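Before any comments, here is the structure.
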Ligand code: SF4
């Protein structure tokens with residue numbers, strides 16, 4: 001039986017009319033990605049994750065966080081790009097400010113290092129935009145992150161989307177999703193300096209029932 005060919009215009013109608021814009025989401029860890037992915041999807045983005053965190057120390061911790069990000073990405077069916085653990089280069093980038101605490105210039109350089117790499121990849125892979133899960137943390141200044149993201153976006157010719165994921169109880173929602181999926185939340189930011197700082201706080205904390 002010969003099959004009739006559809007006229008060209010009918011064939012075109014069957015194509016999706018609107019293609020979802022593609023966003024490359026820099027993922028610092030699985031817990032922070034949970035609510036961030038949901039929000040972006042609810043706003044019509046096709047999300048691809050990018051795990052790029054050469055700051056994480058020790059390497060075993062890097063592997064644990066990467067593994068959790070992989071598992072969660074598979075669960076929610078997003079593609080995940082994975083960057084290398086360029087820890088030596090990262091150390092050079094933050095060296096001058098290493099002695100400063102969390103929230104200082106050290107973190108600004110650390111975030112710049114990671115977002116520059118993300119912007120470059122987003123431009124190379126022709127994404128419509130990029131964003132970062134880092135803004136969900138109450139310890140991170142979203143305004144600073146937006147400045148860095150905007151600067152990197154301009155440098156590489158790709159739009160930075162200034163999502164402040166901590167808004168509208170984003171952090172609480174992410175904690176809830178983590179409980180639902182049995183995702184472990186870490187108790188220090190990631191670098192060896194933040195680990196030391198956390199250990200110091202732990203030591204100085206008076207023991208319970210004292
Ligand atoms: S505390 Fe966090 S943001 Fe700051 S330098 Fe360390 S890993 Fe980077």
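Being modelled with pLDDT of 95 or more, out of contact with any strand residue (DSSP E or B) (no Cβ under 7 Å at 6 or more places or on another chain) and closer than 24 Å to residue 74 by Cα: is that true of residue 175 here? I'd like the intermediate steps shown before the answer.
Working: modelled with pLDDT of 95 or more: yes; out of contact with any strand residue (DSSP E or B) (no Cβ under 7 Å at 6 or more places or on another chain): yes; closer than 24 Å to residue 74 by Cα: yes.
In short, yes.
Tell me, please, whether a residue that is surrounded by 24 or more Cβ atoms within 10 Å (Cβ to Cβ), touching a residue at least 40 places away in the same chain (Cβ under 8 Å) and farther than 18 Å from residue 165 by Cα can be found in region 122-134.
Applying the first criterion (surrounded by 24 or more Cβ atoms within 10 Å (Cβ to Cβ)) to region 122-134 yields 122, 130-134.
After this cut, where a residue has to be touching a residue at least 40 places away in the same chain (Cβ under 8 Å) as well, the list is 122, 130-134.
This time we only want the ones that are farther than 18 Å from residue 165 by Cα, so: 122.
Looking for residues that are surrounded by 24 or more Cβ atoms within 10 Å (Cβ to Cβ), touching a residue at least 40 places away in the same chain (Cβ under 8 Å) and farther than 18 Å from residue 165 by Cα, one finds at least one in region 122-134, hence yes.
Looking only at region 122-142, count every residue that is over 21 Å from residue 173 (Cα atoms) and either touching a strand residue (DSSP E or B) at 6+ places or on another chain (Cβ under 6 Å) or part of a loop (DSSP other than H, G, I, E, B) (or both) and tell me the total.
Just the residues of region 122-142 that are over 21 Å from residue 173 (Cα atoms), to begin with: 122-130.
When the remaining residues are screened for being either touching a strand residue (DSSP E or B) at 6+ places or on another chain (Cβ under 6 Å) or part of a loop (DSSP other than H, G, I, E, B) (or both), the result is 122, 125-130.
Residues flagged as over 21 Å from residue 173 (Cα atoms) and either touching a strand residue (DSSP E or B) at 6+ places or on another chain (Cβ under 6 Å) or part of a loop (DSSP other than H, G, I, E, B) (or both) within region 122-142 amount to 7.
Select from region 172-201 the residues that are assigned to a helix (DSSP H, G or I) and away from the ligand (no atom under 16 Å from the Cβ) and list them in ascending order. Before you say what the answer is, go through the steps one by one.
Of region 172-201, the ones assigned to a helix (DSSP H, G or I) are 172-181, 192-201.
Passing the criteria: 172, 173, 174, 175, 176, 177, 178, 179, 180, 181.
Does region 2-11 include one or more residues that are surrounded by 11 or more Cβ atoms within 10 Å (Cβ to Cβ) and modelled with pLDDT of 95 or more? Write out each step before concluding.
First, the residues of region 2-11 that are surrounded by 11 or more Cβ atoms within 10 Å (Cβ to Cβ): 6.
Next, only the ones that are modelled with pLDDT of 95 or more stay: none.
Within region 2-11 (the criterion being surrounded by 11 or more Cβ atoms within 10 Å (Cβ to Cβ) and modelled with pLDDT of 95 or more), the answer is no, since none of the residues qualifies.
Looking only at region 46-76, which residues are surrounded by fewer than 21 Cβ atoms within 10 Å (Cβ to Cβ), touching a residue at least 60 places away in the same chain (Cβ under 8 Å) and in contact with a strand residue (DSSP E or B) (Cβ under 7 Å, 6 or more places away or on another chain)?
48
Does region 143-162 contain at least one residue that is touching a strand residue (DSSP E or B) at 6+ places or on another chain (Cβ under 8 Å) and over 24 Å from residue 69 (Cβ atoms)?
yes
Return the residues of region 157-171 that are in a loop (DSSP other than H, G, I, E, B) and more than 16 Å from the ligand (Cβ to nearest atom); say none if nothing qualifies. Don't jump to the end; show me each part of the working.
Taking region 157-171 first, the residues in a loop (DSSP other than H, G, I, E, B) are 157-158, 161-169.
Scanning region 157-171 gives 157, 158, 161, 162, 163, 164, 167, 168, 169.
The values are calculated or read from the model by the stated rules, or taken from the named source; none is laboratory data. Computed from a predicted model, the values in this text were never measured in an experiment. As a convention, Cβ positions derive from the backbone with ideal geometry for all residues, glycine included, and neighbour counts pool all protein chains shown.
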